Amino acid sequence: MRLAKFFVIAMLVVAPYGCGGGSGTDSGGNSNSGNPGGGGAGTGNPGIDSIKQELLTGINEARASARMCGATHYSVSVPVTWNDDLADAAYKHSADMATNHYFSHTGSDGSSPATRISQE
């Protein structure tokens, strides 16, 4: 279960930066920074706090390498920082999916990712 939660959180954190995009500079040299903020003292949830440094390190190691996505080249991206509210929203959503046996960006209550994040 811990591994499944790790991958769900990783997918939600990495998805906006698919194929090396996201913060930093796109293939045309245009700035598109927008790092999640905060480091925080933690969410108080051991399921998140116990893996957050490992997850953040892995994400930033991946972002430190230029990559190709199809025929599009993406430059090295700046490191991201941890956001406890985002992680907590992702954790709660992964628990909802596990409890209710589904996999979707839409919550079992019809909520969107933006709605869940703003509720944190």
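Any residue that is charged (D, E, K, R) and either over 13 Å from the mean Cα position of the chain (by Cα) or over 19 Å from Ser118 (Cβ atoms) (or both) - is there at least one of those in the stretch 67-84? Yes: one or more hits.
Only residues that are surrounded by fewer than 12 Cβ atoms within 10 Å (Cβ to Cβ) and either under 22 Å from Tyr91 (Cα atoms) or modelled with pLDDT under 85 (or both): list them for the stretch 35-79, please. Residues satisfying the conditions are Gly39, Ala41, Gly44, Pro46, Gln53, Glu54, Thr57. If the condition is being touching a Ser or Thr at 6+ places or on another chain (Cβ under 6 Å) and open to solvent by 40 Å² or more (accessible area, probe 1.4 Å), then the stretch 81-104 contributes only Asn100.
The values are calculated or read from the model by the stated rules, or taken from the named source; none is laboratory data. Note that the structure is a prediction, hence the values are computed from the model and not measured. Cβ: placed from backbone, ideal geometry, glycine included. Neighbour counts: every protein chain shown. Please note that ligands, DNA and RNA were not included when accessible areas were found on the heavy atoms of the full protein model with its side chains. Shrake-Rupley method; radii C 1.70, N 1.55, O 1.52, S 1.80 Å.
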